[in-house]
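Structure, as C-alpha cells:
The values are calculated or read from the model by the stated rules, or taken from the named source; none is laboratory data. Everything numeric here is computed off the predicted structure, so don't read it as measured data. Ideal geometry is used to build each Cβ from the backbone, glycine not excepted, and the neighbour counts take in all protein chains shown. Protein only, heavy atoms only, side chains kept; ligands, DNA and RNA dropped before computing areas. Shrake-Rupley method; radii C 1.70, N 1.55, O 1.52, S 1.80 Å.
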Amino acid sequence: MADLMRPTYYRLRELVLDTDYVQSDETTVPIINNEKHQTVKGYLWLVRSVVNNLVFFSYNEGSRGQK
C-alpha cells in the first residue's frame, strides 16, 4: 500500500513546499540501532502549508541535515 501511495505523498509535498508561507516543527523519536545495540535520537518533521491547510510528515532517515 505504501508503494501505491508514494505518488500522492510526493504530490502533497510539492503542493505544500510551493506555497509562500510554510511552518515546520521537529520532534525526536528513539531509533534502535541493531548493529550497536543501542537507541539513537532520530528526527521526524511536520511541514504545514498555512494557506492551503495541508500537512505532510518527513523522516529523512533520522537526520537534521538540510539534505
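Each residue of the stretch 27-38 was assigned a 3J(HN,Hα) from its phi angle through the Karplus curve 6.51 cos²θ - 1.76 cosθ + 1.60 (θ = phi - 60°); the sequence is 9, 8, 9, x, 10, 7, 9, 5, 5, 9, 6, 8 Hz, with glycine and proline shown as x. Projected label points at Glu26 and Lys41, each 7 Å from Cα along the beta carbon direction, are separated by 0.9 nanometres. Placing Arg13, Arg64 in order of accessible area, with the largest value first and a 1.4 Å probe, yields Arg64, Arg13. Over the residues of the chain, the helix contribution to mean residue ellipticity at 222 nm works out to -8000 deg cm²/dmol, using -39500 (n - 2.57) for each DSSP H run of at least 4. Computed from backbone phi, the HN-Hα couplings of the stretch 17-25 come to 6, 7, 7, 7, 10, 10, 10, 9, 8 Hz, rounded to whole numbers (Karplus: 6.51 cos²θ - 1.76 cosθ + 1.60, θ = phi - 60°; Gly and Pro given as x). Karplus-based coupling profile of the stretch 41-50, in residue order and whole Hz: 8, x, 10, 10, 10, 10, 10, 10, 8, 5, with θ = phi - 60° in 6.51 cos²θ - 1.76 cosθ + 1.60 and x standing for Gly or Pro. Computed over the Cα atoms of the chain, pair by distinct pair, the Kirkwood hydrodynamic radius stands at 13.4 angstrom.
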